[in-house]
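The values are calculated or read from the model by the stated rules, or taken from the named source; none is laboratory data. These figures come from a predicted structure and were not determined experimentally. Cβ coordinates were reconstructed from backbone atoms using ideal geometry, including for glycine residues, and neighbour counts include every protein chain displayed.
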Amino acid sequence: MSTIDLKQFMDITPEIEEAVRTGKPVVALESTILSHGMPYPENLGFAREVEKIIRAEGAVPATMAIIDGRLKAGLTEEELVRMCEAKGVLKVSRRDLPIVAAKKLTGATTVATTMILANLAGVHVFATGGIGGVHRGGEDSMDISADLQELAHTPVAVVCAGAKMILDIGRTLEYLETMGVPVLGLDTDDFPAFYCRKSGFGVDYNAKTPADVAAIAKAKWDMGLGGGLLIGNPVPEAYAMDFDAMSATIDRALAMAEEAGVKGKNITPFLLAHIVELTGGDSLKTNIQLAFNNARAAARIAVELAKL
Ligand code: PSU
Ligand code: MN
């Protein structure tokens with residue numbers, strides 16, 4: 001217990017280590033979206049393509065995971081396949097980290113743990129699909145994702161397509177306000193609702209460009225305010241889904257979860273899988289495209305941040 005240094009638990013690839021050391025743009029990616037958010041083998045195609053998109057923008061991708069108890073920033077091809085096949089791969093949020101480390105288990109990182117690993121590796125921009133938040137009925141169940149606390153404390157700018165309507169988006173935004181997390185729209189006044197471009201809730205500020213986002217992130221950290229920022233980047237129009245149809249689908253998936261008695265950390269993966277089923281795979285196409293779009297935006301923000 002003498003030294004408190006999480007880095008002793010971590011392996012950073014030489015490419016990422018060098019990029020961070022020399023101030024090059026790096027974008028963190030999560031692995032829960034792979035292991036528990038998309039089916040195999042679509043997730044593997046997605047994982048490879050998303051890294052390419054980040055490279056095309058001049059940034060280095062850094063997919064985070066925990067493999068045999070080691071915290072990883074950057075995965076080998078073999079490790080990426082392992083996360084996508086998802087056999088015995090746990091879903092690891094902050095509270096699970098010490099267990100997987102001590103027991104040398106393998107797990108996918110949520111938004112919260114991806115932020116922890118990114119910050120440890122010196123990476124401050126992260127692209128995901130959707131964040132966790134206050135679940136519907138959360139005022140009774142107290143099911144509030146640890147992602148929100150992480151955004152409060154860990155200095156990473158998280159680019160997402162908003163939050164799914166499986167969550168209570170209004171309460172999620174209230175929670176973020178209480179925790180002092182700026183919620184920016186990337187060229188939008190509306191906080192997006194993942195499959196749909198608008199949730200009906202506003203953002204704190206419409207940041208018109210990636211440079212605008214980078215300047216706000218830098219100001220937050222230079223002021224010593226710490227913690228993260230959340231950037232809502234709406235799904236491209238061509239892939240957006242109909243709000244009313246999606247609301248009905250989500251209500252059905254929620255009813256199925258209720259009936260099956262699914263709770264806690266299993267609820268999000270359960271809902272995601274059933275939404276894919278109920279939409280005949282359309283939601284998966286949208287999910288993949290919005291995540292590509294977020295990777296591109298995050299890479300551009302990282303490039304701008306590296307100039308400051
Ligand atoms: N929302 C999505 N897709 C996802 C997740 C959330 O639309 O894949 C994943 C993310 O990894 C997120 C996690 O951090 O679920 C939140 O889980 P929980 O609510 O158990 O904290
Ligand atoms: Mn939860």
From the options 48, 70, residue that is in contact with a Phe, Trp or Tyr (Cβ under 9 Å, 6 or more places away or on another chain) and exposed (fewer than 15 other Cβ atoms within 10 Å of the Cβ): 70
Quick check: is even one residue across the stretch 255-268 touching a strand residue (DSSP E or B) at 6+ places or on another chain (Cβ under 6 Å), within 28 Å of residue 299 (Cα to Cα) and either more than 16 Å from ligand 1 (Cβ to nearest atom) or not acidic (Asp, Glu) (or both)? no
Consider residue 112 carefully, then state whether it is surrounded by 24 or more Cβ atoms within 10 Å (Cβ to Cβ), of a type in the set (A, V, I, L, M, F, W, C) and within 16 Å of ligand 2 (Cβ to nearest atom). yes
For residue 2, only one of the following conditions fails: (1) away from ligand 1 (no atom under 16 Å from the Cβ); (2) at pLDDT below 95; (3) surrounded by 14 or more Cβ atoms within 10 Å (Cβ to Cβ). What is its number? (3)
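Got a number for residues in the stretch 107-149 being assigned to a helix (DSSP H, G or I) and within 12 Å of ligand 1 (Cβ to nearest atom)?
12
Just checking, how many residues over the stretch 82-106 are exposed (fewer than 15 other Cβ atoms within 10 Å of the Cβ) and in a loop (DSSP other than H, G, I, E, B)? Talk me through it step by step, then tell me what you get.
Taking the stretch 82-106 first, the residues exposed (fewer than 15 other Cβ atoms within 10 Å of the Cβ) are 87-88, 95, 98-99, 102-104.
When the remaining residues are screened for being in a loop (DSSP other than H, G, I, E, B), the result is 87-88, 103-104.
Looking only at that region, the number is 4.
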Would you pick out the residues in the stretch 210-241 that are closer than 23 Å to residue 293 by Cβ and surrounded by fewer than 14 Cβ atoms within 10 Å (Cβ to Cβ)? 237, 238
Just the residues that are out of contact with any Gly (no Cβ under 6 Å at 6 or more places or on another chain), surrounded by 24 or more Cβ atoms within 10 Å (Cβ to Cβ) and part of a helix (DSSP H, G or I), please, taken from the stretch 21-42. 32, 34, 35
Residue within the stretch 142-159 that is aliphatic (A, V, I, L, M) and out of contact with any helix residue (DSSP H, G or I) (no Cβ under 7 Å at 6 or more places or on another chain) present: yes
